[in-house]
1. Percent of accessible area on the stretch B:69-207 owned by carbon and sulfur, 1.4 Å probe?
2. Can you give the FRET efficiency to the nearest 0.05 for A:Arg75 and A:Trp51, using r as the Cβ-Cβ distance and R₀ = 51 Å?
3. In the Gaussian network model of chain A, springs joining C-alpha atoms below 10 Å, which of A:Ser195, A:Ser166, A:Ser107 carries the largest mean-square fluctuation?
4. May I ask for the accessible area buried between chains B and A, both sides summed, probe 1.4 Å, to the nearest 100 Å²?
5. In nm, give the distance between the simple-model label positions of B:Arg130 and B:Thr41, each being 7 Å from the Cα along the Cα-to-Cβ direction.
6. Taking the alpha-carbon distance from B:Lys185 and a cut-off under 17 Å, which lysines remain once sequence neighbours fewer than 8 residues away in the same chain are dropped?
7. Name the GluC sites (Glu not before Pro) in the stretch A:157-227 that are in a loop by DSSP and that have at most 15 other C-beta atoms within 10 Å, would you?
8. On average, how much accessible surface per residue is there in chain B, in Å², for a 1.4 Å probe, leaving out ligands, DNA and RNA?
Amino acid sequence: MPEFLDRFAPSTRVLHWLVAIPVLILMLTGLTNFWPEAKTLHLGGARIFAWLHVLLGLGFAVALLPSLLAIFSRRAARRDARELLLVRLDDYLWLQHRALRAAGLRSIAPRVGKFNAGQKVNAALATTAIIVLIGTGVVLGVNFWNKNVFDVDLVAAVFRWHTVLSLLLLPLIVGHLYMAALNPETRESLRGMTSGRVRRAWAERHHDAWAERAREASRRGAGPDRR
Amino acid sequence: MSDEPRPPPGESGAPRSRRLLSRARFLGLLAGGAALGALSTRVFGLVDGWRENTVEDGRPVFDRATYRLTVDGLVARPLSLDYDSLRSLPAVRQVSDFHCVEGWRVPNVRWDGVRFQSLAELVGPLPDARYVTFHSLGGVYRDSLSLTQARLPGVLIAYDLDGAPLSRVRGAPARLVMPRMFGYKGPKWLTRVEFRDRQDLGYWEQRGWRVDAWIRSSG
């Protein structure tokens with residue numbers, strides 16, 4: 001029995017960090033909006049955090065589509081994305097199982113594939129939020145340079161939705177970071193996103209159906225791209 | 001996420017302790033829901049309310065005993081008003097949207113204060129007076145308008161916001177309100193109105209921002 005199982009191919013890891021790093025920096029620079037002492041820090045009239053936020057945001061928006069096309073030319077990334085967004089009956093049963101357990105009732109866990117329903121809900125919400133944030137952010141980015149393109153009331157409405165979605169995304173990110181880096185039960189998963197492999201024992205506890213498939217694949221000598 | 005380890009047989013057959021746990025969790029859920037409700041009002045405040053911008057070293061403190069609003073420069077009758085005298089001048093109430101250059105807006109803000117035009121009539125600008133500079137208490141921030149812009153009907157020296165005296169954060173005791181331009185044209189913690197022959201560039205305009213920050217709106 002192997003000690004480790006291949007979890008994420010390079011293409012999936014690149015996709016994850018390509019989104020995660022800019023989004024994290026955008027969230028942090030964006031949050032300075034609620035920190036008066038930080039938001040007006042400026043170099044010759046150019047407010048530092050606002051500029052960083054707008055430049056990185058517009059760069060991210062422009063670079064994202066070609067990057068996605070390149071990454072999704074890889075089968076492993078397509079497959080992981082499909083697994084993450086596909087909803088099965090077991091996902092509903094898993095959520096019900098967690099709810100019953102939280103209420104102190106007895107429940108038998110359904111089998112869990114590569115991603116559990118919690119991860120899928122998080123992914124769907126975060127993806128939606130990020131798409132809307134990019135769309136509204138582009139309008140605000142253009143308005144940052146030129147105030148004559150959009151009507152001021154349109155800008156205000158867009159600004160509002162940008163704020164709403166960022167405040168929805170914030171707890172998702174915080175929860176994701178907690179599960180990936182701090183929570184002792186789940187933090188093994190971070191290794192999957194860095195080295196690409198996870199401990200077999202962890203996988204069998206948390207993703208039993210997937211672990212079985214991965215074990216089988218590793219026995220056949222197949223890498224993550226061919227599973 | 002996974003199953004908790006299966007409880008040993010003795011425990012799993014103890015319904016009383018399980019009910020107790022579930023009641024604790026139920027109360028926990030209630031408390032969590034209440035906290036979430038309280039948090040959501042905070043979040044709505046973050047979304048729709050005022051945001052703060054200041055370059056002063058801390059927010060200037062307004063002392064009612066020593067505060068003066070000085071109106072001077074190229075005027076026939078310079079004035080120095082204490083807080084009560086400012087409030088006793090003929091007042092107007094105005095509802096206008098506040099637009100920040102950052103993109104956010106506070107709709108339908110209710111201001112009470114003195115029209116700039118009334119103040120100008122009191123002091124009598126000299127023929128050379130063409131511009132007005134508005135100074136903040138902290139001594140760092142100021143901004144300016146042309147006399148023509150400042151005489152537009154919506155321009156106020158405001159001391160009440162939505163029916164209550166301005167808070168320290170919002171610029172107590174008075175701030176300039178120029179609803180047709182972005183908010184950076186309206187200094188908070190207003191302490192001096194200075195009539196000049198040439199335009200004195202404001203804090204941000206010295207750093208390249210637009211001098212005439214008109215709001216473009218179809219509304």
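The values are calculated or read from the model by the stated rules, or taken from the named source; none is laboratory data. Just so you know, these numbers come straight off a predicted model, no measurement behind them. With ideal geometry, Cβ positions are generated from the backbone for all residues, glycine too; neighbour counts draw on all protein chains shown. Areas reflect the complete protein model, heavy atoms only, side chains present, ligands, DNA and RNA absent. Shrake-Rupley method; radii C 1.70, N 1.55, O 1.52, S 1.80 Å.
1. Values: 2600 of 5520 Å².
In the stretch B:69-207, the share of accessible area belonging to carbon and sulfur is 47 percent.
2. The computed FRET efficiency comes out at 0.85.
3. Of A:Ser195, A:Ser166, A:Ser107, the Gaussian network model singles out A:Ser107 as fluctuating most.
4. So the buried area, both faces added, is about 3500 Å².
5. 5.3
6. A:Lys147
7. Details: sites: A:Glu185, A:Glu188, A:Glu204, A:Glu212, A:Glu216; in loops: A:Glu185, A:Glu188.
Here the GluC sites (Glu not before Pro) that fit, given the DSSP loop and packing criteria, are A:Glu185.
8. For chain B, the solvent-accessible area averages 52 Å² per residue.
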